[in-house]
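Structure record follows, encoded as C-alpha coordinates.
The values are calculated or read from the model by the stated rules, or taken from the named source; none is laboratory data. Note that the structure is a prediction, hence the values are computed from the model and not measured. Every residue, glycine as well, gets a Cβ built from its backbone with ideal geometry; the counts of neighbours run over all protein chains shown. Quick note on the areas: whole protein, heavy atoms, side chains included, nothing else; ligands and nucleic acids left out. Shrake-Rupley method; radii C 1.70, N 1.55, O 1.52, S 1.80 Å.
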Amino acid sequence: MNFEFPFNELPDALPAVLRGPRIERRRVLVGGSAFWGTLQQDGQLRLDDGRLLDAEAQSYLPPVEPSKIIAVHISYRSRSMETRNQDKPSDTPTYFTKPPTALNGHRGQILKPADCRYLNYEGEYAVVIGRTCRNVTPDEAWDHIEGFCPALDMGLQDFRDTDQGSMLRVKGADTLLPIGPGLVRGVNIFAQTLRTYVDGLLVQEAHIGEETIWGPHYVIADIARHITLLPGDVILMGTPCHSRSVDPGQTVACEITGLGRIEGTVAAIAAPRAAALGVGHRPADTPEVRRVALGFDARVPEHLKQNLQRARAGRA
(Lines give C-alpha, C1' and ligand atoms only; values in the text may rest on other atoms or scores of the structure.)
Protein backbone atom coordinates (compact mmCIF):
# COMPACT_ATOMS: atom_id res chain seq x y z
CA MET A 1 0.00 0.00 0.00
CA ASN A 2 1.24 3.48 -0.88
CA PHE A 3 0.82 5.82 2.09
CA GLU A 4 1.97 8.93 0.22
CA PHE A 5 -0.37 11.32 -1.50
CA PRO A 6 -2.70 10.86 -3.22
CA PHE A 7 -4.42 8.87 -0.49
CA ASN A 8 -6.08 6.48 -2.89
CA GLU A 9 -6.11 3.73 -0.26
CA LEU A 10 -8.43 5.56 2.15
CA PRO A 11 -11.58 3.49 2.67
CA ASP A 12 -14.82 4.63 1.09
CA ALA A 13 -16.14 5.32 4.58
CA LEU A 14 -13.90 8.02 6.01
CA PRO A 15 -12.39 7.44 9.46
CA ALA A 16 -14.58 8.77 12.28
CA VAL A 17 -12.30 11.74 13.05
CA LEU A 18 -12.74 12.98 9.46
CA ARG A 19 -16.54 12.55 9.27
CA GLY A 20 -19.17 15.06 10.33
CA PRO A 21 -20.87 16.50 12.21
CA ARG A 22 -18.20 19.04 12.97
CA ILE A 23 -17.42 19.36 16.69
CA GLU A 24 -15.11 22.01 18.14
CA ARG A 25 -13.95 21.94 21.74
CA ARG A 26 -12.33 25.00 23.31
CA ARG A 27 -10.68 25.74 26.65
CA VAL A 28 -11.16 29.17 28.18
CA LEU A 29 -10.13 31.10 31.27
CA VAL A 30 -13.18 32.29 33.23
CA GLY A 31 -12.85 33.90 36.63
CA GLY A 32 -9.30 32.65 36.95
CA SER A 33 -10.20 28.99 36.27
CA ALA A 34 -9.98 26.84 33.13
CA PHE A 35 -13.18 25.46 31.60
CA TRP A 36 -13.87 23.31 28.55
CA GLY A 37 -16.76 24.06 26.24
CA THR A 38 -18.24 23.23 22.85
CA LEU A 39 -18.63 25.88 20.15
CA GLN A 40 -22.24 26.34 19.05
CA GLN A 41 -23.47 27.19 15.56
CA ASP A 42 -24.62 30.62 16.72
CA GLY A 43 -21.10 31.57 17.81
CA GLN A 44 -21.65 30.95 21.50
CA LEU A 45 -19.52 28.68 23.63
CA ARG A 46 -21.44 26.24 25.81
CA LEU A 47 -19.29 25.34 28.81
CA ASP A 48 -19.50 21.81 30.14
CA ASP A 49 -21.29 23.19 33.21
CA GLY A 50 -24.07 24.54 30.95
CA ARG A 51 -23.20 28.25 30.86
CA LEU A 52 -23.39 30.03 27.50
CA LEU A 53 -20.67 32.58 26.67
CA ASP A 54 -19.87 34.82 23.71
CA ALA A 55 -17.06 32.80 22.10
CA GLU A 56 -15.37 35.83 20.54
CA ALA A 57 -15.04 37.63 23.88
CA GLN A 58 -13.24 34.85 25.76
CA SER A 59 -9.64 34.48 26.90
CA TYR A 60 -8.36 31.28 25.33
CA LEU A 61 -6.03 28.62 26.65
CA PRO A 62 -4.41 26.00 24.39
CA PRO A 63 -7.00 23.22 23.81
CA VAL A 64 -4.36 20.55 24.49
CA GLU A 65 -2.44 19.25 27.50
CA PRO A 66 0.34 17.15 25.96
CA SER A 67 3.07 15.09 27.54
CA LYS A 68 5.09 15.75 24.39
CA ILE A 69 4.99 17.72 21.13
CA ILE A 70 6.56 16.15 18.03
CA ALA A 71 6.98 18.03 14.75
CA VAL A 72 7.70 16.89 11.20
CA HIS A 73 10.61 18.80 9.64
CA ILE A 74 9.24 19.05 6.08
CA SER A 75 6.01 17.49 4.81
CA TYR A 76 4.74 19.90 2.12
CA ARG A 77 5.94 19.70 -1.46
CA SER A 78 6.26 23.47 -1.88
CA ARG A 79 8.46 23.68 1.24
CA SER A 80 10.64 20.86 -0.04
CA MET A 81 10.97 22.57 -3.41
CA GLU A 82 11.86 25.89 -1.77
CA THR A 83 14.46 24.51 0.64
CA ARG A 84 15.73 21.42 -1.24
CA ASN A 85 14.77 22.12 -4.87
CA GLN A 86 13.17 18.68 -5.02
CA ASP A 87 9.66 17.34 -4.64
CA LYS A 88 10.42 15.29 -1.51
CA PRO A 89 13.03 16.11 1.17
CA SER A 90 13.87 12.52 2.15
CA ASP A 91 12.60 8.97 1.75
CA THR A 92 10.94 9.02 5.17
CA PRO A 93 9.92 11.83 7.56
CA THR A 94 12.29 13.28 10.16
CA TYR A 95 11.25 14.91 13.42
CA PHE A 96 12.09 17.29 16.24
CA THR A 97 10.36 18.05 19.56
CA LYS A 98 9.04 21.17 21.28
CA PRO A 99 8.54 21.28 25.05
CA PRO A 100 4.98 21.75 26.33
CA THR A 101 6.10 25.08 27.83
CA ALA A 102 6.19 26.47 24.26
CA LEU A 103 2.37 26.35 24.12
CA ASN A 104 0.48 29.60 23.65
CA GLY A 105 -3.22 30.43 23.38
CA HIS A 106 -5.27 32.24 20.76
CA ARG A 107 -4.46 35.98 20.62
CA GLY A 108 -1.46 35.53 22.92
CA GLN A 109 1.88 37.34 22.73
CA ILE A 110 4.71 35.69 20.82
CA LEU A 111 7.92 36.84 22.50
CA LYS A 112 10.95 37.95 20.49
CA PRO A 113 14.06 38.59 22.65
CA ALA A 114 16.07 41.74 21.92
CA ASP A 115 19.20 39.75 21.04
CA CYS A 116 17.39 37.69 18.35
CA ARG A 117 16.91 38.96 14.82
CA TYR A 118 14.94 36.21 13.08
CA LEU A 119 11.57 35.00 14.40
CA ASN A 120 9.95 33.03 11.59
CA TYR A 121 6.29 32.05 11.22
CA GLU A 122 5.17 28.60 10.06
CA GLY A 123 1.43 28.02 9.66
CA GLU A 124 0.53 24.38 10.32
CA TYR A 125 -2.17 22.02 11.43
CA ALA A 126 -1.68 19.95 14.56
CA VAL A 127 -2.88 16.41 15.16
CA VAL A 128 -3.99 15.64 18.71
CA ILE A 129 -3.87 12.08 20.04
CA GLY A 130 -7.02 10.78 21.73
CA ARG A 131 -6.06 7.22 22.75
CA THR A 132 -2.80 5.67 23.90
CA CYS A 133 -1.00 4.67 20.73
CA ARG A 134 1.90 2.21 20.28
CA ASN A 135 2.86 -0.20 17.51
CA VAL A 136 -0.01 0.57 15.12
CA THR A 137 -0.36 0.45 11.35
CA PRO A 138 -1.28 3.58 9.39
CA ASP A 139 -4.84 2.31 8.94
CA GLU A 140 -5.17 1.76 12.70
CA ALA A 141 -3.69 5.18 13.52
CA TRP A 142 -6.91 7.00 12.52
CA ASP A 143 -8.74 5.57 15.52
CA HIS A 144 -6.17 7.15 17.86
CA ILE A 145 -6.71 10.74 16.64
CA GLU A 146 -8.91 13.01 18.77
CA GLY A 147 -8.92 15.93 16.34
CA PHE A 148 -7.03 18.76 14.65
CA CYS A 149 -6.03 22.36 15.52
CA PRO A 150 -4.57 25.30 13.60
CA ALA A 151 -1.10 26.11 14.91
CA LEU A 152 1.80 28.52 14.46
CA ASP A 153 5.17 26.78 14.78
CA MET A 154 7.26 29.90 15.40
CA GLY A 155 11.05 29.68 15.39
CA LEU A 156 14.01 31.74 16.58
CA GLN A 157 16.23 30.99 13.63
CA ASP A 158 19.19 32.81 15.23
CA PHE A 159 20.03 29.48 16.92
CA ARG A 160 19.76 27.46 13.72
CA ASP A 161 23.51 26.94 13.29
CA THR A 162 23.97 25.47 16.76
CA ASP A 163 20.64 23.68 17.34
CA GLN A 164 19.90 22.54 13.80
CA GLY A 165 19.64 18.90 14.81
CA SER A 166 17.57 19.26 17.97
CA MET A 167 15.84 22.59 17.17
CA LEU A 168 15.57 22.98 20.95
CA ARG A 169 16.04 26.75 21.22
CA VAL A 170 14.98 27.44 17.63
CA LYS A 171 11.49 26.04 18.17
CA GLY A 172 11.29 25.37 21.90
CA ALA A 173 11.29 28.82 23.51
CA ASP A 174 8.28 29.91 25.58
CA THR A 175 5.24 31.20 23.60
CA LEU A 176 6.45 29.80 20.24
CA LEU A 177 3.47 27.50 19.70
CA PRO A 178 0.14 29.32 19.47
CA ILE A 179 -2.48 26.60 18.97
CA GLY A 180 -6.27 26.51 18.77
CA PRO A 181 -8.56 28.22 19.46
CA GLY A 182 -10.35 24.85 19.31
CA LEU A 183 -9.82 21.13 18.86
CA VAL A 184 -11.89 20.06 15.85
CA ARG A 185 -13.15 16.70 14.61
CA GLY A 186 -15.67 15.83 11.91
CA VAL A 187 -13.73 17.66 9.19
CA ASN A 188 -11.83 15.98 6.34
CA ILE A 189 -8.38 17.50 6.84
CA PHE A 190 -7.31 16.55 3.30
CA ALA A 191 -10.03 18.78 1.79
CA GLN A 192 -8.90 21.93 3.62
CA THR A 193 -6.71 24.89 2.65
CA LEU A 194 -4.10 26.38 4.98
CA ARG A 195 -3.37 30.11 4.86
CA THR A 196 -0.98 32.19 6.94
CA TYR A 197 -1.33 35.97 7.30
CA VAL A 198 0.96 38.74 8.55
CA ASP A 199 -0.93 41.89 9.49
CA GLY A 200 -3.88 40.59 7.49
CA LEU A 201 -1.89 39.92 4.29
CA LEU A 202 -1.62 36.39 2.88
CA VAL A 203 1.96 35.03 3.08
CA GLN A 204 1.48 31.23 2.93
CA GLU A 205 -1.13 29.14 1.13
CA ALA A 206 -1.49 25.43 0.44
CA HIS A 207 -4.26 22.93 -0.20
CA ILE A 208 -3.44 20.27 2.37
CA GLY A 209 -4.60 17.34 0.26
CA GLU A 210 -2.64 18.41 -2.79
CA GLU A 211 0.63 19.32 -1.06
CA THR A 212 1.09 16.87 1.81
CA ILE A 213 3.83 14.28 1.40
CA TRP A 214 3.10 12.17 4.50
CA GLY A 215 -0.36 12.13 6.07
CA PRO A 216 -1.03 12.03 9.81
CA HIS A 217 -1.82 8.30 9.79
CA TYR A 218 1.60 7.51 8.30
CA VAL A 219 3.40 9.87 10.71
CA ILE A 220 1.63 8.46 13.77
CA ALA A 221 2.42 4.89 12.75
CA ASP A 222 6.05 5.86 12.15
CA ILE A 223 6.51 7.59 15.51
CA ALA A 224 4.55 4.95 17.44
CA ARG A 225 6.88 2.19 16.26
CA HIS A 226 9.14 3.17 19.16
CA ILE A 227 7.47 5.99 21.14
CA THR A 228 4.18 5.64 23.00
CA LEU A 229 1.82 8.50 22.17
CA LEU A 230 -0.50 9.48 25.01
CA PRO A 231 -3.89 11.25 24.97
CA GLY A 232 -3.32 14.96 24.46
CA ASP A 233 0.03 14.57 22.69
CA VAL A 234 0.49 16.93 19.74
CA ILE A 235 2.01 16.25 16.33
CA LEU A 236 2.78 19.27 14.14
CA MET A 237 2.43 18.42 10.46
CA GLY A 238 4.81 20.90 8.85
CA THR A 239 4.39 24.10 6.85
CA PRO A 240 4.26 25.07 3.16
CA CYS A 241 6.76 27.40 1.48
CA HIS A 242 7.55 31.00 2.44
CA SER A 243 8.42 30.94 6.14
CA ARG A 244 9.91 34.36 6.93
CA SER A 245 10.78 36.55 9.91
CA VAL A 246 8.40 38.97 11.63
CA ASP A 247 8.95 41.89 13.98
CA PRO A 248 7.46 43.12 17.26
CA GLY A 249 4.02 44.62 16.76
CA GLN A 250 3.11 42.38 13.83
CA THR A 251 0.19 39.98 14.07
CA VAL A 252 0.55 36.48 12.62
CA ALA A 253 -2.42 34.18 11.96
CA CYS A 254 -2.91 30.69 10.58
CA GLU A 255 -6.36 30.01 9.17
CA ILE A 256 -7.42 26.56 8.02
CA THR A 257 -10.77 26.10 6.31
CA GLY A 258 -12.96 23.85 8.41
CA LEU A 259 -10.74 24.19 11.49
CA GLY A 260 -10.55 27.89 12.36
CA ARG A 261 -8.00 30.63 12.90
CA ILE A 262 -5.20 30.99 15.47
CA GLU A 263 -3.36 34.27 15.82
CA GLY A 264 -0.78 35.98 18.00
CA THR A 265 1.07 39.27 18.16
CA VAL A 266 4.85 39.49 18.26
CA ALA A 267 6.10 41.32 21.35
CA ALA A 268 9.61 42.51 22.14
CA ILE A 269 11.26 41.45 25.39
CA ALA A 270 14.70 42.09 26.85
CA ALA A 271 17.52 39.67 26.18
CA PRO A 272 17.91 36.99 28.89
CA ARG A 273 20.04 38.19 31.83
CA ALA A 274 22.47 35.28 31.43
CA ALA A 275 23.21 36.41 27.86
CA ALA A 276 25.06 39.48 29.21
CA LEU A 277 27.33 37.12 31.15
CA GLY A 278 28.30 35.20 28.03
CA VAL A 279 26.33 32.09 28.95
CA GLY A 280 25.67 29.70 26.07
CA HIS A 281 25.76 30.10 22.32
CA ARG A 282 24.90 33.64 21.25
CA PRO A 283 22.19 34.26 18.64
CA ALA A 284 23.94 34.46 15.27
CA ASP A 285 23.51 35.94 11.82
CA THR A 286 25.50 33.35 9.87
CA PRO A 287 25.04 32.04 6.32
CA GLU A 288 23.25 28.96 7.73
CA VAL A 289 20.90 31.10 9.80
CA ARG A 290 20.10 33.35 6.83
CA ARG A 291 19.62 30.35 4.52
CA VAL A 292 16.63 29.24 6.57
CA ALA A 293 15.38 32.56 7.96
CA LEU A 294 15.38 34.37 4.61
CA GLY A 295 14.50 31.37 2.43
CA PHE A 296 14.68 31.20 -1.37
CA ASP A 297 12.41 33.83 -2.90
CA ALA A 298 12.99 32.52 -6.42
CA ARG A 299 11.02 29.38 -5.51
CA VAL A 300 8.03 31.14 -3.90
CA PRO A 301 4.83 32.41 -5.59
CA GLU A 302 5.10 36.11 -6.39
CA HIS A 303 1.88 37.21 -4.65
CA LEU A 304 3.06 35.78 -1.32
CA LYS A 305 6.36 37.67 -1.55
CA GLN A 306 4.60 40.91 -2.47
CA ASN A 307 2.16 40.61 0.43
CA LEU A 308 4.98 40.16 2.93
CA GLN A 309 6.74 43.20 1.47
CA ARG A 310 3.50 45.20 1.91
CA ALA A 311 3.23 44.07 5.52
CA ARG A 312 6.80 45.17 6.18
CA ALA A 313 6.24 48.47 4.41
CA GLY A 314 3.16 49.06 6.54
CA ARG A 315 5.27 48.57 9.67
CA ALA A 316 7.89 51.01 8.39
Seminar exercise, completed: Note, the range 202-216: 3J(HN,Hα) by Karplus (6.51, -1.76, 1.60, θ = phi - 60°), whole Hz, Gly/Pro = x, goes 5, 10, 9, 7, 7, 7, 4, x, 7, 9, 5, 8, 10, x, x
Problem set entry | Dipole of the chain, positive end: most advanced residue of P15, V136, T83 [Cβ charges, Cα centre] | T83
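What FRET efficiency comes out for the pair D49/A267, r = Cβ-Cβ distance, R0 = 41 Å, nearest 0.05?
Numbers: r = 33 Å, r/R0 = 0.81.
It comes out at approximately 0.80.
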Problem set entry | Nearby lysines by direct alpha-carbon distance to K98 (threshold 19 angstrom, same-chain neighbours under 8 apart not counted) | K68, K112, K171
Seminar exercise, completed: Inter-part gap, Cα centre of the range 128-177 to Cα centre of the range 191-252, in whole angstrom, is 9
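State in Å² the accessible area per residue of the chain; use a 1.4 Å probe, count heavy atoms of protein chains only, and round to the nearest integer. Intermediate values should be presented prior to the final figure.
Numbers: 13410 Å² over 316 residues.
On a per-residue basis, the chain sits at 42 Å².
Tell me the relative contact order for the chain as a rounded percent, counting alpha carbon contacts under 8 Å between residues six or more apart.
Values: 766 pairs, mean separation 79.5, N = 316.
Computed over the chain, the figure is 25 percent.
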For this session: Pop out the ³J(HN,Hα) list for the range 250-262 in order, Karplus 6.51 cos²θ - 1.76 cosθ + 1.60 with θ = phi - 60°, rounded to Hz; leave Gly and Pro as x.
Result: 7, 9, 10, 9, 10, 10, 10, 4, x, 9, x, 9, 10
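Report the charge-dipole magnitude of the chain in Debye, nearest 20, computed about the Cα centre from +1 at each Lys and Arg Cβ and -1 at each Asp and Glu Cβ.
Values: 35 positive and 38 negative charges, 153 e Å.
Roughly 740 debye for the chain.
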For this session: Could you please state how large a percent of the accessible area of the range 177-276 is carbon and sulfur, counting protein chains only and using a 1.4 Å probe?
Result: 54
Seminar exercise, completed: For A16, the net charge from surrounding residues (Cβ-Cβ under 9 Å; K, R +1; D, E -1) works out to +1
Problem set entry | Under Karplus coefficients 6.51, -1.76 and 1.60, residue-wise ³J(HN,Hα) of the range 134-147 in Hz, glycine/proline x | 7, 6, 10, 8, x, 5, 6, 4, 4, 6, 9, 9, 7, x
